[in-house]
Every structure is written in structure tokens, then in C-alpha cells.
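Note sheet for the following structure.
The values are calculated or read from the model by the stated rules, or taken from the named source; none is laboratory data. None of the values given here were measured: they were computed from a predicted structure. When we count neighbours, we look across all protein chains shown, and the Cβ atoms used for this are built from the backbone with ideal geometry, even at glycine. Side chains are part of the model used for accessible areas, which takes the heavy atoms of the whole protein and leaves out ligands, DNA and RNA. Shrake-Rupley method; radii C 1.70, N 1.55, O 1.52, S 1.80 Å.
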Amino acid sequence: MNTTEEKINIIDGRKFSQEYTDKVLRPRCKIFKEKYKRIPKLSTIIVGDDPASESYRRIREKFFVNLCVDSEVFSLPKETTEEELLDLITKQNQNNDTDGILVQLPLPDHINEDKVIENIAPNKDIEGLSPGNVHAWTKSTPNLIPATALGVLALLKHYQVPLQGKHAVVVGRSMIVGKPVAHLLLREHATVTICHSRSKPLEKYTLDADILIAAVGRPHLIKKGMVKKGVVIVDVGVNFEDGKLLGDTDFDDIKEDASLISPVPGGSGPATVCMLASNLLLAFELKQAKNDKKLQKCLRTYYENYETLENKDICV
Ligand code: NDP
């Protein structure tokens, strides 16, 4: 297979991210400066010094710095108490200048993650995990949706993958990836199977997938022989093996069978960062729209379905 042919079935997350940024995010930035005289502000809270958290923060900052985003990072020592963290979140909830709040997970063991997430104001919860947002995305009337799940759906739509009536198999059932991905696919009228660590044998399910989303965190979990020919695969997994970044699938062995497949790195990761920025801009705009329901609906459609919109100068 020559290089051109090889590239045909690759879901290129970096290219998608660039296009989405240019077509959707940057035009909004221009509007903000003229219309609101301010830009969105993100407050990131990090507790402790987990190297992975620091690395995610750097990737986000690099992306955000080139957009119209004002960013403040609160780096708290690992001894920070739950009460101190909740106090900071309350202050950020009340601060009118803060449009989005992101608490970097995982948190140290002595802090209850659920309690922390529950305390983030839903309209500033750009990770879409607070109870109000979860209630909304499970009911198919979303407010803010977890960015990785949004990224998976955006990639599938960008590559015009038919979803209606297709069998989508999601491996992984976490609140941050597996469950919201499954709900978004249901909303698109796919038939969805969710697998987890007790789904045995896993290939019984994956072999029947038209679309396979791997969101586990186990390298080599999805091997050749576990998928059918023509499958579309989005690999969300992030694993390090011998210093190399890998997804959950054996990419080189499986790519021949897939009609489309996302690599790691360069697939789901860039789409996630881009959708996180999209959530922040949307949260900022929804706040400005106050109680204007029509404008709010317009904004949601703009950020999520930009490729189907003919007039991109809308929602002003
Ligand atoms: P979690 O650990 O919270 O969830 C993993 C899920 O995988 C669980 O539901 C678990 O099942 C399931 N699982 C574990 N082992 C198996 C197995 N052998 N067979 C089938 N299912 C299994 O992880 P996250 O959802 O937070 O993240 C998943 C992966 O995605 C990680 O690699 C993470 O780093 C990556 N990630 C990538 C992002 C991106 O932007 N690309 C963003 C966020 C995460 P059970 O519920 O039974 O335990």
C-alpha cells in the first residue's frame, strides 16, 4: 500500500482540530472582542504535583494561548483539605469574571472527587460532569457535555460516518468517556452496546461492531481478529509502554481491516482539547445570552453542528 492510500483510512484528529478552530472558534473570538469587550476566562485548579496532570495542563495551555482565552491556574499543594478546595470552587462559582472551571482529576485520596464535581456550578462546568449536566446529556437535552465524548462524535461526523441504525460498541463505561459517548451515539440513533471489564469474551461484542470506541486504558486490548472488516474505530486510550504512547488497539495490525481508524497520538487527544475550548466558549456565550432561549439554541447548534450550517455568521 502506498503512502497516499495508507492515509485514506486515518481519522486525523490534528487536522480536524485545526479546521474546527479556524471555522468555529476563531470567528467567535472576533465577535467576543467587538460585542462583549471581553474574552472567556478559564480557572484551572490542580491539587498536588501529578506529572500527568501537569502534562495535560501544558497541552491545554498551548492550545488556549492561541485562542481568545484568558487563563488562571490555581496550583494547590497535595495537603490541601477538601474544605479548602470546596471554598475555592465556591469563590470561582461566584466570580463573574470566571466563565469555566476545570478541576484536574485525579485528586489526592483524601478528597472526595464526586463532592468536588457536584460543587462546580453547572454553567461553568466545562467538563460536563456536574449532576445538572449529567442529567441533561442523559436526557438528550445537553448543556455542557464531556469534551472527550464530544470529540469522538465530532470526529465521526467530520468523516461522515453513518451512525443511524449502526451497531456502535463502546468499550469502557466511565462517566468521563464511555457513558457520555454511548449517550451521544444513542442520540444519533445508533444501536449501542457498552462493554466493560466483565464483558467476556470481549470479541463476542467487538466482532459485531460497525463502529468501535475503545476507552479503556489497556494497550493491546483490541487485537487483530477482534473486529470485522470495514469497522470504524476511534481509539481514546492513552497508555505508555517503553516510553511510547499507545492507544487501546493494535493499530498497525488492525488498520488494514478498518475502513477508518484514529491513531494514538493524533486522533482523539487533539479533538478533546479542541472540544474543551469549544465548551468554554459556549459556556461564556450562554452566560451572555442570559434568558434568550432562541439565541441559546442557536449557539448550541453552531458549536456542535457547524458543518451542516450554511450561514456561519449567525447567533449574534
Ligand atoms: P477508567 O479507568 O475510568 O475506565 C476504564 C473502563 O474500561 C472501565 O469501565 C473498565 O471496566 C473498562 N475496562 C477495564 N479493563 C477492561 C477490559 N479488560 N476489557 C473491557 N473493559 C475494560 O478510564 P477513563 O474512562 O477515564 O479513560 C479511559 C482511557 O481513555 C484511558 O486510557 C485514559 O487515559 C484515556 N483518556 C483519553 C482522553 C483523550 O482525550 N483521548 C481523555 C480522557 C481519558 P469496569 O467499569 O468494569 O472497571
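A few comments on the model shown:
- Using just its DSSP H runs of length 4 or more, each adding -39500 (n - 2.57), the chain gives a mean residue ellipticity at 222 nm of -12000 deg cm²/dmol after division by all residues.
- Whole-percent carbon and sulfur share, accessible surface of the chain, 1.4 Å: 52
- Cα gyration tensor shape of the range 68-154, rounded if a/c is under 1.5, else prolate or oblate by comparing a/b with b/c: prolate
- Those aspartates and glutamates that a straight Cα-Cα span of less than 16 Å connects to K228, excepting residues fewer than 8 apart in one chain: E203, D208, D210, D250, D252, D253, E256, D257
- Protein heavy-atom accessible surface, 1.4 Å probe, per residue over the chain: 49 Å².
- Gain on full stretching of the segment that runs from K228 to S75 - 0.36 nm per residue minus C-alpha separation: 50.5 nm
- Using the Cβ-Cβ distance between H220 and L105 with R0 set to 25 Å, the FRET efficiency works out to roughly 0.50.
- Of D22, D242, D292, the residue with the greatest mean-square motion in the GNM of the chain, using alpha carbon springs below 10 Å, is D242.
- Projected over every direction and averaged, the convex hull enclosing the alpha-carbon atoms of the range 109-148 yields 3.0 nm².
- Gyration tensor over alpha-carbon atoms, the range 24-127, equivalent ellipsoid semi-axes in Å: 26, 16, 10
- Shown here: the range 223-267, whose C-alpha atoms stretch 31, 18, 12 Å along the first, second and third principal axes, sorted largest to smallest.
- The chain: Cα Rg divided by the 2.2 N^0.38 Å rule of thumb: 1.00
- Within the range 1-106, the trypsin sites (Lys or Arg not before Pro) that combine a DSSP coil assignment with at most 15 other C-beta atoms in a 10 angstrom radius are K37, R38, K78.
- Multiplying the residue separation of D253 and K287 by 0.36 nm and subtracting their alpha-carbon distance yields 7.5 nm.
- Cα-Cα pairs of the range 231-316 separated by more than 23 Å (percent): 45
- The range 147-266 - Rg (one decimal) and Dmax (whole number), Cα, Å: 12.9, 40
- Tally of Lys pairs whose C-alpha atoms are under 22 Å apart, taken over the range 24-127, 8 or more apart or cross-chain: 17
- I39/K91 FRET efficiency (R0 22 Å; Cβ-Cβ; nearest 0.05): 0.60
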